[in-house]
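**Student:** Have a look at this one before I ask anything.
The values are calculated or read from the model by the stated rules, or taken from the named source; none is laboratory data. Predicted model, so just to flag it, every value in this text is computed and none were measured. Counting neighbours? That spans all protein chains shown, and the Cβs are built from the backbone with ideal geometry, glycine included. Note: accessible area is taken over every heavy atom of the protein model, side chains too, but ligands, DNA and RNA are not part of it. Shrake-Rupley method; radii C 1.70, N 1.55, O 1.52, S 1.80 Å.
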Amino acid sequence: VLADVLERLVRSNDTQGAQITVTKFHALRPPRISIAAYLERILRFANCSGECFVLALVYIDRLIRHQNFIICSLNIHRVIMTSITLAAKFFDDA
């Protein structure tokens, strides 16, 4: 479900051609791994709980709403990794 939500968001922003401010989260080109495969890989190797993925989506939503950050194919993988890392630190490191 998370992958579907993020895929639709990225696809929507990429096709709109919105004016994007380049940040340190932006790659030069989109990674070849899909968002779904990337999330599965994180789930398999990161040993974080399923709740972290829900909390990561909350963090991504806050980033979009409060910082006017535009999620696109050039930054989604880095945003995912950062949000899941923060979620794991908050939720799993108790």
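**Student:** State in Å² the accessible area per residue of the chain; use a 1.4 Å probe, count heavy atoms of protein chains only, and round to the nearest integer. Don't skip to the end; give the middle numbers.
**Tutor:** Working: 6500 Å² over 94 residues.
Spelled out: the 1.4 Å probe surface of the chain, per residue, equals 69 Å².
**Student:** Please find, in a Gaussian network model of the chain (springs between Cα atoms separated by less than 10 Å), the residue of His77, His26, His66 whose mean-square fluctuation is greatest.
**Tutor:** Looking only at His77, His26, His66, the largest GNM fluctuation is found for His66.
**Student:** Only helices at least 18 Å long along their axis, Cα-based, and averaging -0.5 or more on Kyte-Doolittle count here, so list those DSSP H runs from the chain. Let's see the in-between values first.
**Tutor:** On the way: long enough: 2-16 (21 Å, -0.43); 50-67 (26 Å, 0.64); 76-91 (22 Å, 1.17).
Both cut-offs are met by 2-16, 50-67, 76-91.
**Student:** With each run of n ≥ 4 DSSP H residues scored as -39500 (n - 2.57), what mean residue ellipticity at 222 nm is computed for the chain after dividing by its residue count and rounding to the nearest 500 deg cm²/dmol? Kindly include the intermediate steps, with their values, before the conclusion.
**Tutor:** Values: 4 runs with 61 residues, N = 94.
Helices in the chain give a 222 nm mean residue ellipticity of -21500 deg cm²/dmol.
**Student:** For the chain, which whole percent of the accessible surface, found with a 1.4 angstrom probe, sits on carbon and sulfur atoms?
**Tutor:** Working: 3660 of 6500 Å².
Heavy-atom surface of the chain belonging to carbon and sulfur, 1.4 Å probe: 56 percent.
**Student:** Along Cα→Cβ, 7 Å out, is where each label goes; now give me the distance between the ones at Phe45 and Thr21 in nm to one decimal.
**Tutor:** Roughly 3.3 nm, to one decimal.
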